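The values are calculated or read from the model by the stated rules, or taken from the named source; none is laboratory data. In this text the structure is predicted, and so the values were computed from the model without any measurement. Positions of Cβ are generated from backbone atoms using ideal geometry, with glycine treated the same way; all protein chains shown enter the neighbour counts. What goes into the accessible areas is simple: the full protein's heavy atoms, side chains included, and nothing from ligands, DNA or RNA. Shrake-Rupley method; radii C 1.70, N 1.55, O 1.52, S 1.80 Å.
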Amino acid sequence: SKIALLSKVLLLPGAVGLAVLDAFAYGLPLITNADGFHGPEIDYLKSNLNGLIIDDNFNVNTYATEVIRLLSDEPRRAKLAEMARLDASRYSIDAMADRFVYGVICLLSESQP
């Protein structure tokens with residue numbers, strides 16, 4: 001999306017699901033709250049590595065402060081963005097298919113007498 005290409009971060013203070021992979025695909029650090037009703041994909045988000053997870057019980061002021069802090073620190077934001085881009089390749093469909101095939105091969109090799 002054109003908006004994502006102009007963006008610096010993805011703000012998702014509520015539940016995180018597959019949107020984290022969209023953020024990574026665009027090289028955007030995702031910023032969320034720790035206490036959202038997140039899907040299992042939240043495990044892809046590593047706070048201070050490829051995005052931020054704010055742990056302050058949905059405190060709007062804390063969330064806003066952390067967003068401003070990140071947007072005011074371009075080297076830090078760029079570092080998170082670069083890791084998000086790298087993680088996009090780790091969680092691609094091709095990578096998932098490769099891991100699936102590897103798992104099947106391992107399972108089949110263990111079942112051989």
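Which whole-number value in Å² is the accessible area per residue of the chain, probe 1.4 Å? All intermediate terms of the calculation are to be shown ahead of the outcome.
Working: 7420 Å² over 113 residues.
Spelled out: the 1.4 Å probe surface of the chain, per residue, equals 66 Å².
Which option, (1) 1.11; (2) 1.01; (3) 1.06, is the value of Rg/Rh (Cα atoms, Kirkwood Rh) that was calculated from these coordinates?
Step by step, Rg/Rh (Cα atoms, Kirkwood Rh) for this structure corresponds to label (1).
Using 0.36 nm per residue of separation minus the Cα-Cα distance, give me the extension gain between Ile3 and Met96 in nm, one decimal.
30.7 nm is the gain from fully extending Ile3 to Met96.
For Cα pairs less than 8 Å apart in space and 6+ apart in sequence, what is the mean separation divided by the residue count of the chain, i.e. the relative contact order in percent?
25
Provide the packing ranking of 102-109, 45-52, 64-71, i.e. peptides ordered by the mean count of other C-beta atoms within 10 Å per residue, highest first. Before the final figure, lay out the partial values.
Details: 102-109: 9.5, 45-52: 19.4, 64-71: 14.2.
Descending packing order for the listed peptides: 45-52, 64-71, 102-109.
Percent of accessible area on the chain owned by carbon and sulfur, 1.4 Å probe?
Here carbon and sulfur together make up 63 percent of the probe-accessible area.
What chymotrypsin sites (Phe, Trp or Tyr not before Pro) does the stretch 44-88 have in DSSP loop regions with at most 14 other beta carbons within 10 Å? Please list the in-between numbers first.
Numbers: sites: Tyr44, Phe58, Tyr63; in loops: Phe58.
Sites meeting the loop and neighbour criteria: Phe58.
Pop out the ³J(HN,Hα) list for the stretch 16-22 in order, Karplus 6.51 cos²θ - 1.76 cosθ + 1.60 with θ = phi - 60°, rounded to Hz; leave Gly and Pro as x.
Per-residue couplings from phi come out as 9, x, 5, 4, 4, 6, 5 Hz.
Find the relative contact order for the stretch 1-60 and round it to a whole percent, using C-alpha pairs within less than 8 Å whose residues are 6+ positions apart.
On the way: 92 pairs, mean separation 20.0, N = 60.
Result for the stretch 1-60 is 33 percent.
Of the options Ile31, Leu18, Pro75, report the single residue whose Cα projects farthest towards the positive end of the charge dipole of the chain (beta-carbon charges: Lys, Arg +1; Asp, Glu -1).
Positive-end residue among those listed: Pro75.
Compute the distance in nm between two label points, each set 7 Å from the Cα along the Cα-to-Cβ direction, one at Ser109 and one at Asn59.
Inter-label distance under the simple model: 5.1 nm.
Can you give the calculated 222 nm mean residue ellipticity of the chain, where each DSSP H run of n ≥ 4 adds -39,500 (n - 2.57) and the sum is split over every residue, rounded to the nearest 500 deg cm²/dmol?
Using -39500 (n - 2.57) per qualifying helix, the result is -16000 deg cm²/dmol.
Once the convex hull of the C-alpha atoms of the stretch 13-68 is built, how many Å³ does it hold per residue, rounded to a whole number?
Working: hull volume 3.8 nm³, N = 56.
It is 68 Å³ per residue.
Taking the Cα centre of each part, how many Å lie between the stretch 35-61 and the stretch 74-113?
Cα centres, the stretch 35-61 to the stretch 74-113: 21 Å.
So what are the ³J(HN,Hα) numbers for the stretch 47-61, from phi and the Karplus equation (6.51, -1.76, 1.60; θ = phi - 60°), rounded to whole Hz, Gly and Pro as x?
Per-residue couplings from phi come out as 4, 6, 10, 10, x, 9, 10, 8, 9, 8, 6, 6, 6, 4, 5 Hz.
Excluding Asp73 itself, calculate the net charge of residues whose Cβ lies under 15 Å from the Cβ of Asp73, where each Lys or Arg counts +1 and each Asp or Glu counts -1.
Details: positive: Lys8, Arg69, Arg76, Arg77, Lys79; negative: Glu66, Glu74, Glu82.
Summing Lys and Arg as +1 and Asp and Glu as -1 gives +2.
In a shell of Cβ-Cβ distance under 12 Å around Ile53, excluding Ile53 itself, what net charge do Lys and Arg (+1) and Asp and Glu (-1) give?
-4
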